[in-house]
Amino acid sequence: MGPKKEKTVLNLPMQVISPADVSRLSRELESLEDFMEQSAIRTKGVGLKLPASSKLLDELAASNSFNFLHIQDRKLAKEFLGTLTKTAPVIHLSFASDPSAAFLSKLVSRLRDIIHPQLLVRTGLEPSIAAGCILRTNNRQFDFSLRTTLYAKSDLLMKALKLNSEGQT
Amino acid sequence: MNTWWFLVIVVSVTFIGGGMIWAMAKINRLQIQKDHSTDIDSTTRTDIERIFNDEFRSELKNRGRLHFEKIIGENAMFLQQDLRLTTSQLNDYMKQEITAKLQEEFAKYEQSIMDAKQLAIDSINKTNAAVEEQRKSLSTELQKEIANEKSRILKEFEKNTTAIINHYLLEAIGDQIDLNDQLEYILSSIETNKQAIIEDIQGGS
């Protein structure tokens, strides 16, 4: 299978969630590139062992049909990751507990459908919110937590308490 | 001229001489009358001494003393009676005057006391009215303050109650809800705010 000549829109794997993942992929791709350059100047006939690639890199290659032995594919992937680092929208999500990878994968998949196909997500912990999440963009914060919902609906609680007390009297 | 002067001098000497002679005769006559009156006085004095001798004088003295004593006694009695009468009248007069004066003073005093009493009553009434007005004002103010404080405490209580219940709920169920169960809620919330999120992302920082 030869290298792809035209790769304008590449797929971002669901396992690549945060800007840290993109950076990690870039570093790994850089290492691979270094290895390939070094192997090119070595004596022919000497056996070479490719460095073990991470699952993320494998996913990136699989989702875009890349063969990283080809310099063209490596170049495209590198450019893609560079573009992602510079232009991909990033949001920050805070949860009450540490989210699992499966949960994040599902969430990011849906968010990329809803908001942007190359959306990157940073996660954080905010135990006081109990449930839900707090979403922060560059300029705004969207609080979808149970804590805020409960406080926002304190009037309903008070009405219910009053009704209950009046019923008892 | 000399003749006339001579005549004048002769006439003058004549008159002066005549006057001196007349004066001497007059003085002589007065001397004689004086001697005669001295003799009468002496005779009268002798007679008086003979009539009003010491015995007669003593008798007159006794009579006079007795009469004088009698008059003095009578007058003393009259004087005593008059004095008693005067004293009695004076007492009555003084009594009447003092009584009248005292009654007048007592009436004035009583009037003063009545005036002072009326003033005191008026003052007390005014004070009572002012105190009553102040009490009503304070009562109204107090009721208002109590209502405000009650409302404030009630609001604070409601606020604290909901805060306590919310805190309890968050503490009680905070770690009981699985994130996977929250996925749909989170996605629906994001979907609701999708437009605002996209606008903020596209707007950049």
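The values are calculated or read from the model by the stated rules, or taken from the named source; none is laboratory data. Not measured: the values here are computed from a predicted model. Note: ideal-geometry Cβ built from the backbone for every residue, glycine included; neighbour counts use all protein chains shown.
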Report task. Kindly establish whether A:Ser65 is away from chain B (no Cβ under 14 Å) and at positive phi. Result -> yes
Report task. Would you check if there is a residue in the stretch B:105-127 being exposed (fewer than 12 other Cβ atoms within 10 Å of the Cβ) and within 14 Å of chain A (Cβ to nearest Cβ)? Result -> no
Requested in this report: Filter the stretch A:78-102 down to residues that are within 23 Å of B:Glu171 (Cα to Cα) and in contact with a strand residue (DSSP E or B) (Cβ under 9 Å, 6 or more places away or on another chain) and give me whichever is surrounded by the fewest Cβ atoms within 10 Å (Cβ to Cβ).
Outcome: A:Asp98
**Report entry** Among residues of the stretch A:147-167, those that are under 30 Å from B:Glu191 (Cβ atoms), more than 7 Å from every other protein chain (Cβ to nearest Cβ) and not small (Gly, Ala, Ser), counted
**Finding:** 6
Query raised in the report: Is it the case that some residue within the stretch B:152-160 is part of a helix (DSSP H, G or I), more than 14 Å from every other protein chain (Cβ to nearest Cβ) and either of a type in the set (Lys, Arg) or free of Cβ contacts under 8 Å to residues at least 24 places away in the same chain (or both)?
Result: yes
Query raised in the report: Any idea which residue in the stretch B:176-205 is nearest to A:Ser154 (Cα to Cα), counting only those that are more than 7 Å from chain A (Cβ to nearest Cβ) and part of a loop (DSSP other than H, G, I, E, B)?
Result: B:Gln176
Query raised in the report: Does at least one position in the stretch A:120-130 carry a residue that is at the interface with chain B (Cβ under 7 Å from one of its Cβ atoms), farther than 16 Å from B:Leu179 by Cα and either β-branched (Val, Ile, Thr) or buried (at least 17 other Cβ atoms within 10 Å of the Cβ) (or both)?
Result: no
Report task. State which residue is farthest from A:Asp21 (Cα to Cα) when the search covers only the stretch A:38-83 and only residues that are hydroxyl-bearing (Ser, Thr, Tyr), within 24 Å of the chain's Cα centre (by Cα) and in a loop (DSSP other than H, G, I, E, B). Result -> A:Ser65
Report task. Output yes when any residue across the stretch A:94-109 is in a strand (DSSP E or B), more than 7 Å from every other protein chain (Cβ to nearest Cβ) and on the phi < 0 side of the Ramachandran plot, and no when none is. Result -> yes
Query raised in the report: Does A:Leu76 satisfy the condition of being under 23 Å from A:Leu104 (Cβ atoms) and either modelled with pLDDT of 85 or more or in contact with a Lys or Arg (Cβ under 8 Å, 6 or more places away or on another chain) (or both)?
Result: no
